[in-house]
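Engineer: I'd like to ask some things about the structure below.
The values are calculated or read from the model by the stated rules, or taken from the named source; none is laboratory data. Predicted model only: the values in this text are computed from it and were never measured. Here the Cβ positions follow ideal geometry from the backbone for every residue, glycine too, while neighbour counts run over all protein chains shown. Surface accessibility is based on the protein's heavy atoms, side chains included, excluding ligands, DNA and RNA. Shrake-Rupley method; radii C 1.70, N 1.55, O 1.52, S 1.80 Å.
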Amino acid sequence: LLHYYSYRFHCISQERQVRNCKQGSKKSRTSITKHIDLKNMLEHRLAIFLLILGQYFGGDAFLAPLSPVNKKHHDHQQSSVARHLSAPADSDFERPVATSDRLVDADNYNVPLEKAAELWTASVQESTTATRDAGMPFLDSKSKDYFVDDIENIRVSREGGMGIELLELAGGRDDGFGITIVTAVVPGGNADKAGIIPGDSIASIAVTTSNIVGNNAIEESTQVRGCECLDFDNTMSILANFPGDASEVYISLKRIRRWPKVQVRVEYPPSQCAEGVSNVRDIELFAGENLRRALLNRGIIMDDPEAPKCDFCGGKCTVSVSRGMRLLNPIGTTEKKIMERNPKCRLSCKTTVGYNMQEGDIQLRVNLRQW
């Protein structure tokens, strides 16, 4: 930081000399230009350094407008930084973030009952996490082409019954574990109105009750009972004998959905391909994958000796996107500054394909300095 401010003060002095003396020798003007370029370079690297610090310390205290680079984007700082940090270089997948212009309806990827019944399975994990204890079964998909989505807190009326039919896919154990799914919903019934569909599995049910305590104060309490990975009898017992007299309950579901996929055409420089070998490779990526990691995992060689190293991942990760830019996550502030003169280029380590569960086609080039 001291190095940066030292050069900044020096360059500001040089800029004042330029304004005060419009006519000068060619040598002096060249020297002043070099100092100004050096100042811009230091400001650019400082912005990257501050963003990295903010990423590790979990806040935006390091993102104060210390330089013209930050001052220029001060008004959009909070949203752009959130987008910038949304796809870290070492992640395979990014959690979808809602944007009104590109958010795809997840129900487009629902599967029919017969397919869901084939895919449901139960898994266990070895270690305890913040959301699940070790050794406890949880619902999973048998195929990597499908995923289990969490649908939280669906409000369902208790008047007149839920209007669902259940089927046990697995059970008969002494501990009561199994797999029970919804096979049908009554048209126009409470479950149908709430959006429950055949193939879903009920994970938990909750009800909120209100009680009057001292001084006529109202105290609310919520009771939650889980029924994920339970057999038919235990699931029905929880649904039918749930305590409380509230008129509605909140149900959390597990739903199997198809992973949306993105078709990517990768072009190598012809100079890096042997004679008679095509410089084009077509690969398939899952929506939400980090572009750089996905390319490397599928055998794409990113070898560009003349290209500078990326400040984020340390590799040669710049790609040129000629089609499908809309399928990528929004560009971050720092990446936008780096690619100011190359608007069709992206840092693959900071790029997510199929952003917000989109499907489509992407065409890109790698090893750009070899073209």
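Engineer: Using a 1.4 Å probe on the protein chains only, how many percent of the accessible area of the range 113-237 belongs to carbon and sulfur? The partial results should precede the final answer.
Structural biologist: On the way: 3300 of 7250 Å².
Answer for the range 113-237 is 46 percent, counting heavy atoms of protein chains only.
Engineer: With every protein chain present, what is the per residue accessible area of the range 212-371 (1.4 Å probe, Å²)?
Structural biologist: Details: 8040 Å² over 160 residues.
Roughly 50 Å² per residue, with all protein chains present.
Engineer: Of Asp311, Asp245, which has the most accessible area and how do the rest follow, probe 1.4 Å?
Structural biologist: On the way: Asp311 65, Asp245 145 Å².
From most exposed to least exposed: Asp245, Asp311.
Engineer: Here are some pairs, Lys261/Lys337; Lys316/Lys344; Lys142/Lys350; Lys309/Lys337; which of them have Cα atoms lying more than 20 Å apart in this structure? Could you put the intermediate results ahead of the total?
Structural biologist: Values: Lys261/Lys337 30 Å; Lys316/Lys344 16 Å; Lys142/Lys350 30 Å; Lys309/Lys337 16 Å.
Cα-Cα > 20 Å for Lys261/Lys337; Lys142/Lys350; rest within.
Engineer: Place the peptides 358-367, 292-301 in order of packing, highest mean first, counting for every residue the other Cβ atoms within 10 Å and averaging per peptide. It would help to have the intermediate numbers written out before the result.
Structural biologist: Values: 358-367: 19.5, 292-301: 17.2.
Result, highest mean first: 358-367, 292-301.
Engineer: Additional query: Roughly what would the spin-label model give for Asp303 and Ser123, points 7 Å off Cα along C-beta, in nm?
Structural biologist: So the label points at Asp303 and Ser123 sit 3.5 nm apart.
Engineer: So, one more: State, to one decimal in nm², a quarter of the convex hull surface area for the C-alpha atoms of the range 174-260, i.e. the direction-averaged projected area. Please report the intermediate quantities before stating the final value.
Structural biologist: Working: hull surface 33.2 nm².
Taking the Cα atoms of the range 174-260, their convex hull projects to 8.3 nm² on average.
Engineer: Follow-up. Taking square-rooted eigenvalues a ≥ b ≥ c of the alpha carbon gyration tensor, is the range 111-165 rounded, prolate or oblate, where a/c under 1.5 means rounded and, failing that, a/b exceeding b/c means prolate?
Structural biologist: On the way: a/c = 2.56, a/b = 1.37, b/c = 1.87.
Since a/c reaches 1.5 but b/c is at least a/b, the shape of the range 111-165 is classed as oblate.
Engineer: With a 1.4 Å probe and all protein chains in place, put Glu267, Glu284, Glu152 in order of accessible area, largest first. Walk me through the numbers before you get to the answer.
Structural biologist: Working: Glu267 25, Glu284 85, Glu152 115 Å².
Listed by decreasing accessible area, they come as Glu152, Glu284, Glu267.
Engineer: Per-residue accessible area for Thr121 at 1.4 Å probe radius, Å² rounded to 10?
Structural biologist: Estimated to the nearest 10 Å², Thr121 gives 40 Å².
Engineer: Positive end of the dipole of the range 229-371, charges at C-beta (+1 Lys, Arg; -1 Asp, Glu), about the Cα centre: which of Gly360, Pro260, Gly324 has its Cα farthest in that direction?
Structural biologist: Gly324
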